[in-house]
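Here's the structure, in C-alpha cells; my notes come after.
The values are calculated or read from the model by the stated rules, or taken from the named source; none is laboratory data. These numbers come from a predicted model, not from an experiment. Glycine also receives a Cβ, built like all others from the backbone with ideal geometry; neighbour counts cover every protein chain displayed. All accessible areas refer to the heavy atoms of the entire protein, side chains included, with ligands and DNA or RNA removed. Shrake-Rupley method; radii C 1.70, N 1.55, O 1.52, S 1.80 Å.
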Amino acid sequence: MAKPRRPRPALALVAALAAVAAAAPLGPGARAATALPAVEPRAETAALHDDDAGGNADADDPAIWRNPADPGRSLVVATAKQGGLRVYDLSAREVQSVPAPAAPGPDDAPGRFNNVDLVHGMRLSAGRADLAVTSDRGSDRLRVYRIDRERPGGPLTDVTDPSAAPVFSSSQEEVNEQRTAYGLATWTDPSTGRSYALVSRRERTRLALLELTPKNDGKVGYRKVRTLDLPADFRLPNGTSWAPCGEPGELPQVEGMVVDPADGTLYAGQEDVGIWRLRADLTGKPRLIDKVREYGVPATYDPATEECTAGADPGYGGKRLKADVEGLTLLDEGDGDGDGDGYLLASSQGDNTFAAYDREVSDRNAYEGGFRVTAASAALDGSEECDGAAVLNKPLGAAFPHGLLVVQDGHDAPEDAERPSTGFKFVDLGDVLDAVDD
C-alpha cells in the first residue's frame with residue numbers, strides 16, 4: 001500500500017535557517033521577503049481536506065484552460081492527489097470532480113494525481129482536441145483527459161490508453177514503493193508538431209521525456225524517448241561535496257517544471273537545490289540559474305525525529321528562494337511572435353513568496369522582483385507554502401480581463417484547524433504585473 005504521509009526533513013531545515021536567511025545580505029536586485037509587494041486574491045476554491053471525511057483530497061497543482069469561443073467560461077483544472085482532479089470555473093466554483101483510479105489490489109497504492117498541464121489542439125482520431133495530462137504518482141502513470149466545455153456531465157473525459165505502462169517502475173511492487181511519476185510539464189515541438197510530457201521521479205533526480213501517442217480508438221498513450229539525471233550532490237567553492245539533507249536513500253527530487261514554447265527551454269525546480277535550465281528534449285548540459293538559500297548548508301538527519309539539524313551556513317546559497325522551490329509557471333508578455341518576453345515565476349515555499357525571473361535566456365534569466373499573495377479579508381486568506389502555480393496572460397472575460405494567476409494554498413484559513421485544509425487562490429494578473437514592475 002502507499003507510504004503514509006510524513007513531514008519532510010527539509011521543512012525542519014528551513015525552520016532552523018529562518019533567522020540566518022532573514023539576516024543574510026541581499027544580492028543585486030534582490031529585496032527582503034518581508035519588503036516584497038503584496039497582491040490579494042479575487043476568489044478561492046472551497047477547501048479540500050486530506051482526511052477520510054474529505055476523500056483524502058489535497059490541493060497541489062493547477063492549469064488554466066482558456067475557452068476561445070467564450071473566454072469568460074474558461075476553466076481551471078487542478079490536482080487533488082488521492083482526491084483526483086477538480087475543475088473550477090472563473091468564480092472558483094467546482095464544476096467537476098474526477099476521482100483517481102482505485103488501487104488495483106488491497107495491498108497496492110491507489111491513484112494519486114500530483115501535477116497537471118495542458119496540450120492544445122492535439123490530433124486525435126475524432127479530430128483535434130485540448131487535453132489535460134496529469135502525473136498519477138500512485139500508479140506511476142500518466143492520465144490524459146479530453147477537454148470539452150459543453151459536455152454533459154463535465155468537461156473532462158478520460159482518454160488514457162488502458163495499456164499505458166508505468167513510467168519508471170518495472171512491477172506493481174516497485175510502484176508501491178512510490179518512487180514514481182511526480183512533477184510534470186507538457187511541450188509541443190513546433191518543428192514536428194509532436195507533443196511530449198516531461199516527468200520527474202519522486203525521491204530521485206531523474207527526468208523522463210515521454211512522447212504522447214494518439215491511438216486509433218481516440219485514446220492517448222505515451223512512449224519513453226530518453227531520460228536524464230540531474231546531480232544529487234554538488235561541489236562547493238571550498239572544495240567540499242554537499243548534498244541536501246533527507247531520509248536515507250532519498251535523493252533531491254524535482255517537482256515544479258515548465259517549458260518555454262518560444263525556444264523549447266525546460267525549467268525544472270529541484271526542491272532543495274534550485275532552478276535548472278535545460279533543453280526540453282533532455283539533450284545538452286543543464287545549468288543551475290538560481291539556488292535556494294539553504295544550498296551548501298551542512299545538515300544531519302535524525303531518524304528519531306525524522307528531521308534535519310542544520311550546521312553553519314557557509315554562504316553559498318541564493319538570496320531569493322527559500323526551500324522548497326516549487327511551482328514554476330511562465331508569464332508570456334510577448335505579442336505572439338515567439339520573442340520570449342515575460343517572466344518565469346517560481347514559488348519560494350519556505351517564506352511564502354514568489355520570485356520573477358526574466359524569461360529571456362539572453363538576459364541569463366535575471367531576477368526581476370517578487371511578491372506575496374496575502375489575505376484580501378478575514379474570509380479570503382492568501383497563499384502559504386504554495387506547491388503549484390499557473391498563469392495565463394490573456395483576457396478571461398469580465399472576471400479577469402487582465403489574465404489570471406492561480407496558486408495553491410497549503411494552509412487554507414479560516415478552516416477547521418483540526419483538519420488539513422488546502423485550496424487554490426485566483427489572483428488578477430494585472431495586480432501581479434504591477435507588483436513585479438513596482
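Tally up the residues in the range 234-252 that are out of contact with any Cys (no Cβ under 6 Å at 6 or more places or on another chain), of a type outside the set (S, T, N, Q) and surrounded by 11 or more Cβ atoms within 10 Å (Cβ to Cβ), please.
The first filter runs over the range 234-252 and keeps only residues out of contact with any Cys (no Cβ under 6 Å at 6 or more places or on another chain), leaving 234-244, 246-252.
Still in the running and of a type outside the set (S, T, N, Q): 234-237, 239, 242-244, 246-252.
Going one step further and asking which of them are surrounded by 11 or more Cβ atoms within 10 Å (Cβ to Cβ), we end up with 234, 236, 242-244, 246-247, 250-252.
Selection size over the range 234-252: 10.
Are there any pairs with C-beta distances below 6 angstrom linking a residue in the range 21-50 that is of a type in the set (Ser, Thr, Tyr) to a residue that is part of a loop (DSSP other than H, G, I, E, B) and at pLDDT 95 or above, with the two at least 6 apart or on different chains, and if so which?
Pairs that qualify, where the first residue is of a type in the set (Ser, Thr, Tyr) and the partner is part of a loop (DSSP other than H, G, I, E, B) and at pLDDT 95 or above, are 45/92.
Which residue pairs have Cβ atoms under 7 Å apart, sit 6 or more places apart or on different chains, and have a first residue in the range 151-172 that is over 17 Å from residue 224 (Cα atoms) and free of Cβ contacts under 8 Å to residues at least 40 places away in the same chain and a second that is among the β-branched types (Val, Ile, Thr) and surrounded by 12 or more Cβ atoms within 10 Å (Cβ to Cβ)?
As it stands, the answer is 151/157, since those pairs meet every condition given.
Answer yes or no: is there a residue in the range 264-276 that is part of a loop (DSSP other than H, G, I, E, B), of a type in the set (Phe, Trp, Tyr), out of contact with any Asp or Glu (no Cβ under 7 Å at 6 or more places or on another chain) and farther than 19 Å from residue 62 by Cα. Before the answer, list the steps.
Kept after step one, since they are part of a loop (DSSP other than H, G, I, E, B), are these residues of the range 264-276: 264, 271-273.
Filter once more, keeping what is of a type in the set (Phe, Trp, Tyr): none.
No, the conditions are met nowhere in the range 264-276.
Among the strands (runs of 3 or more DSSP E) lying completely within the range 299-338, list those that include at least 3 residues that are crowded, with 20+ Cβ neighbours inside 10 Å.
325-332
Checking residue 128 against (1) assigned to a strand (DSSP E or B); (2) in contact (Cβ under 8 Å) with a residue 12 or more places away in the chain; (3) not small (Gly, Ala, Ser): exactly one of these is not met. Which one?
(2) is the only condition that residue 128 fails.
Could you check the range 352-403 and list, in sequence order, the residues that are in a loop (DSSP other than H, G, I, E, B) and hydrophobic (A, V, I, L, M, F, W, C)?
Listed by number, the residues that qualify are 366, 375, 376, 378, 379, 380, 386, 398, 399.
Look at the range 197-255 and say how many of its residues are free of Cβ contacts under 8 Å to residues at least 24 places away in the same chain and either more than 20 Å from residue 169 (Cβ to Cβ) or outside any strand (DSSP E or B) (or both).
Of the residues in the range 197-255, 6 are free of Cβ contacts under 8 Å to residues at least 24 places away in the same chain and either more than 20 Å from residue 169 (Cβ to Cβ) or outside any strand (DSSP E or B) (or both).
Pull up the range 217-233, narrow it to residues that are in contact with a Pro (Cβ under 9 Å, 6 or more places away or on another chain) and among the small types (Gly, Ala, Ser), then point me to the one that is surrounded by the most Cβ atoms within 10 Å (Cβ to Cβ).
221
Of everything in the range 73-94, what is farther than 20 Å from residue 141 by Cβ and either without any contact (Cβ under 8 Å) to a residue 12 or more places away in the chain or open to solvent by 40 Å² or more (accessible area, probe 1.4 Å) (or both)? Give them in sequence order.
Within the range 73-94, 73, 91, 93, 94 meet the criteria.
Which residues, taken from the range 166-200, are hydrophobic (A, V, I, L, M, F, W, C) and closer than 22 Å to residue 122 by Cα? It would help to see each step written out before you state the result.
So in the range 166-200, the residues hydrophobic (A, V, I, L, M, F, W, C) come out as 167-168, 175, 181, 184-185, 187, 197-199.
Across the range 166-200, the qualifying residues are 167, 184, 185, 187, 197, 198, 199.
Here's the yes/no breakdown for (1) at pLDDT 55 or above; (2) open to solvent by 20 Å² or more (accessible area, probe 1.4 Å); (3) in contact with a Leu (Cβ under 6 Å, 6 or more places away or on another chain):
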residue: 7; (1), (2), (3): no, yes, no
residue: 14; (1), (2), (3): no, no, no
residue: 31; (1), (2), (3): no, yes, no
residue: 40; (1), (2), (3): yes, yes, no
residue: 53; (1), (2), (3): yes, yes, no
residue: 68; (1), (2), (3): yes, yes, no
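Please go through the range 257-280 and give me each residue that is open to solvent by 20 Å² or more (accessible area, probe 1.4 Å) and farther than 14 Å from residue 346 by Cα, ordered by number.
Of everything in the range 257-280, those that are open to solvent by 20 Å² or more (accessible area, probe 1.4 Å) and farther than 14 Å from residue 346 by Cα turn out to be 261, 262, 263, 279.
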